[in-house]
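Comments concern the structure below.
Bear in mind these aren't lab numbers, they're just calculated from the coordinates by the rules spelled out. What you see is a predicted model; the values in this text were computed from it and never measured. With ideal geometry, Cβ positions are generated from the backbone for all residues, glycine too; neighbour counts draw on all protein chains shown.
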Amino acid sequence: MSVVFFWDIDGTLLTTARAGVFSLEAALEEVSGVRADLNGMATAGMTDYSIAKTALEDVGHPTDEATVQRFLRIHGERLPGFLHRREGSVLPGVVAILEDLHGRDDVANLLLTGNTEAGAAAKLAHYGLAGFFPAGGAFCVGPGARAEIARRALPLAGGRRTFVIGDTPADIECGKAIAADTIAVATGSYSVAELAAHEPWLLLERLPEPERFRGLVGVG
């Protein structure tokens, strides 16, 4: 049986040690002229578009489409520099599982993320994960919710059994929106108990060893 794994990025594959937040702050200052601290914003599970719009609203700046898209473009340009200055990391178990699944004819690893495509590419390239996702995935392009990104991602599955792997309730809900089996990992800002309340198909404290992972998802 062929399967597709749609992976979230932040808190699931890796942590940027807030490089993304610093990049967003820089974009906000360039667009609005206001220097603001976004560390208090609950960004987990939000799309980059929603974060940008909320940040602009909070400083009283216009949030027309052109302005938000300019903000996101600047964020994508600034992000690589902040990634180099921060000490983020790939999360435990990620590389082992991706290496184990990579190149199999019956498995596809794709991205399903609230990051823009530019932001996702910068993070994966910096942490050496880009080669595991040659087919890309679905990204934030506008004001739609995570479920809309999931619906755009679904045709990429081609009718195969589909899993969505993420660390937030938003990942669980967007997976359910496309009738995927949802795998929640408590490696981000949400606890096991908080994730359990959203009833994922499978709940893990962290990603296990590859053989156990394959057993849990029914991949031989």
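Rounded to the nearest 20 debye, the dipole size of segment 19-85 about its Cα centre is 200 debye, using +1 on the Cβ of Lys and Arg and -1 on the Cβ of Asp and Glu.
Neighbour counts of C-beta atoms inside 10 Å place Met46, Met41, Met1 in the sequence Met1, Met41, Met46, starting with the fewest. Of the trypsin sites (Lys or Arg not before Pro) in segment 162-220, the ones in a loop by DSSP (not H, G, I, E or B) with at most 15 other beta carbons within 10 Å are Arg206. Taking a sphere under 12 Å around the Cβ of Arg35 and counting the other residues whose Cβ falls inside, with K and R at +1 and D and E at -1, yields a net charge of -4. In the chain, helical runs assigned H by DSSP with n ≥ 4 each contribute -39500 (n - 2.57); averaged across all residues and rounded to the nearest 500, the mean residue ellipticity at 222 nm is -12500 deg cm²/dmol. Taking label positions 7 Å along the Cα-Cβ direction at both His102 and Asp58, the computed distance is 3.6 nm, reported to one decimal.
For segment 114-149 and segment 19-61, compute the distance between their C-alpha centroids and round to whole Å. So the two Cα centres are separated by 19 Å. Sorted fewest first by neighbouring Cβ atoms within 10 angstrom, Cys174, Cys140 come out as Cys140, Cys174. In degrees between 0 and 90, to the nearest 10, how far off the longest principal axis of the chain does helix 48-58 point, with axes built from Cα atoms? It is inclined by approximately 30 degrees. As a rough footprinting exposure proxy, the listed residues His75, His61, His102, His84 were ranked by other beta carbons within 10 Å of their own, and the order from fewest upward is His84, His102, His61, His75. Take 120-131, 8-19 and order them by the average number of nearby Cβ atoms within 10 Å per residue, most first; the result is 8-19, 120-131. Charge tally around Arg73: other residues with Cβ under 13 Å, Lys/Arg +1 each, Asp/Glu -1 each, net -3.
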